[in-house]
Amino acid sequence: MKLGIDSGLAFLLCAVLAVPGFGGEIVDRVVANVNGNVVLQSDWEQELAFEALLNARPADSFTTAERKAALDRLIDRELLREQVRPSEAAPGDQVAARVAEVRKLHPAAATAEGWRTVLERQGLTEGALEKRLGEEIQLMRLVEARLRPSIQIDQHAVETYYHDELLPQLKRNGGREVALPEVFGHIKDLLAEQRLNQLLSGWLASLRSASHIQTSPSSTGDQNR
């Protein structure tokens, strides 16, 4: 007879089985379980390394709240992956462009050797960075394909933003007043991006409420979410 085991107990067993390995190395452990898909300590640490690289800051400078926020973003990405599985790799030129953008954030990365040093300081490789940025591009393309068709920005919304937000801001900053036709397209794109972010936040909240998510006590101070 096959013996069953409570899912919560199974998760805790996985989470606490982080024992010293050979050579004093620490065995990877589970920090979150998202509908049966695990997020490992190494996933979390690598996410922090990526975010440190993107923000040009040391990985060990993150506060407890910032570390938890990074774990929450990992959980959100896992929820999105369950909904929109990528079928094609991100275009290589788009990945290369994003890598170049990240590299420009680091003056020391002007040379190939300097770039390698910057990556090594965060415990990363260029291949790992390309993979992570490629996944980000894939996921955002799929999210946009799902959500953007429902976004409609009308002329009234653009005019309201122009009069209530842009003109007062220009006045406060001492900038010259611009005519609405000059910035109409820019404002429309900005409002569309804001609406996309709102829809994405709402979708993620809905996915979280319908999902079974557990985090280890050591990662958030609260086992169940």
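Derivation of every value follows stated rules applied to the coordinates shown; laboratory data play no part. Keep in mind it's a predicted model, so treat the numbers as computed, not measured. Methodologically, a virtual Cβ is constructed for each residue, glycine included, from the backbone with ideal geometry; neighbour enumeration extends over all protein chains shown.
Here are some notes:
- Inter-label distance for Ser150 and Glu45, nm, one decimal - labels placed 7 Å from Cα along Cα-to-Cβ: 4.0
- Karplus (6.51, -1.76, 1.60) ³J(HN,Hα), θ = phi - 60°, over segment 38-50, in Hz, Gly and Pro reported as x: 8, 10, 8, 4, 5, 4, 5, 5, 5, 4, 5, 5, 4
- Distance between the pseudo-spin-label points of Asp28 and His163 (7 Å out from Cα toward the beta carbon): 5.7 nm.
- Prolate/oblate/rounded call for segment 51-141, Cα gyration tensor, a/c under 1.5 rounded: oblate
- The length gained by stretching the chain between Thr64 and Ala110 to full extension, at 0.36 nm per residue less their Cα-Cα distance, is 13.3 nm.
- Loop-resident GluC sites (Glu not before Pro) (DSSP state other than H, G, I, E or B) in segment 48-143 with no more than 12 further Cβ atoms inside 10 Å of their Cβ: Glu88.
- Among 90-97, 37-44, 172-179, the order from most to least packed when residues are scored by Cβ within 10 Å on average: 37-44, 90-97, 172-179
- Note on segment 102-213: semi-axes of the ellipsoid equivalent to its C-alpha gyration tensor, largest first and rounded to whole Å, are 35, 26, 12.
- Each distinct pair of alpha carbons in segment 152-211 adds a 1/r term; the inverse of their mean, the Kirkwood radius, is 13.2 Å.
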